[in-house]
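Read the structure below first, then the notes.
The values are calculated or read from the model by the stated rules, or taken from the named source; none is laboratory data. This is a predicted model, so every value here is computed, not measured. Positions of Cβ are generated from backbone atoms using ideal geometry, with glycine treated the same way; all protein chains shown enter the neighbour counts. Heads up: the accessible areas ignore ligands, DNA and RNA and are worked out on the full protein's heavy atoms, side chains in. Shrake-Rupley method; radii C 1.70, N 1.55, O 1.52, S 1.80 Å.
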Amino acid sequence: MRVLGVDPGLTRCGVGVVEGVAGRPLTMIGVGVVRTPADADLGHRLVAVEQGLEQWLDEHRPEFVAVERVFSQHNVRTVMGTAQASAVAILCASRRGIPVALHTPSEVKAAVTGSGRADKAQVGAMVTRLLRLDAPPKPADAADALALAICHIWRAPAQNRLQQAAARHAAATARVPGTARTPRSPHASKGRTT
């Protein structure tokens, strides 16, 4: 499985590609940052993020894209930029038919370090160890992107099994008489007979 992890941001959008399967050693394919100038017009910055992500998708051909789920912070301006860059990543992947998964920062930290409250240095250290790198990727946005890809590779098999089980259950419930609910007609009488 090849996953492009995206740590969204307008100034620095971390990107990292990891390949492997859960339970086996993983391999880093590429890591970097898509940068935009802070003083540029918002529209131009979003186009630059899109072009950068498109280059990564063209070059690395991932099977999945894992994007950090935007969470509420105190700085609304930062959240808006993060959300906009996140939407660009989702759009780029979806346009190509690549499945997108969203992971919260605490999910990623827990998957990579064992603690949902780990700091950036701990995440960087574990990414370095898990991918057998010589040094933590810089800046932290790049390490976070790799952590997202690792998290998705490790969590995807369990998530897929849960989705398949839910689909089987829904299909079985629909086939068993008396278990499927039929919507009531808005014109049906309420207990009155004519």
* Please report, in debye to the nearest 20, how large the charge dipole of the chain is about its Cα centre when each Lys and Arg carries +1 at its beta carbon and each Asp and Glu carries -1 there. => 1220 debye
* Structure fact -> Per the Kirkwood formula over distinct C-alpha pairs, the hydrodynamic radius of segment 97-168 in angstrom is 12.9 Å
* Asked: In segment 84-178, what trypsin sites (Lys or Arg not before Pro) fall in a loop by DSSP, with at most 13 other Cβ atoms inside 10 Å?
  -> R96, R117, R132
* Structure fact -> Computed on Cα atoms only, the convex hull of segment 85-138 has an orientation-averaged projected area in nm² of 4.7 nm²
* What do you get when you divide the Cα radius of gyration of segment 1-73 by 2.2 N^0.38 Å, with N the number of residues? -> 1.20
* **Loop GluC sites (Glu not before Pro), segment 1-95, which have at most 16 other Cβ atoms in a 10 Å radius of their Cβ (DSSP)** => E63
* Structure fact -> Calculated from DSSP helices alone, with each H run of at least 4 adding -39500 (n - 2.57) and the total divided by the residues of the chain, [θ]222 nm to the nearest 500 comes to -16500 deg cm²/dmol
* Asked: Using a probe of 1.4 angstrom, how much of the accessible area of the chain is carbon and sulfur, in percent?
  -> 54 percent
* Structure fact -> Whole-number value, in Å³ per residue, for the convex hull of the alpha carbons of the chain is 197 Å³
* To do: Compute the accessible area per residue over segment 1-139, keeping the other protein chains in place, probe 1.4 Å, unit Å².
  => 54 Å²
* Structure fact -> What the Cα atoms of segment 126-175 span along the principal axes, largest first and in whole Å, is 55, 18, 8
* Mind listing P(r) for segment 15-128? All alpha-carbon pairs, 5 Å bins, whole percents. -> 2, 10, 17, 22, 22, 16, 8, 2, 0
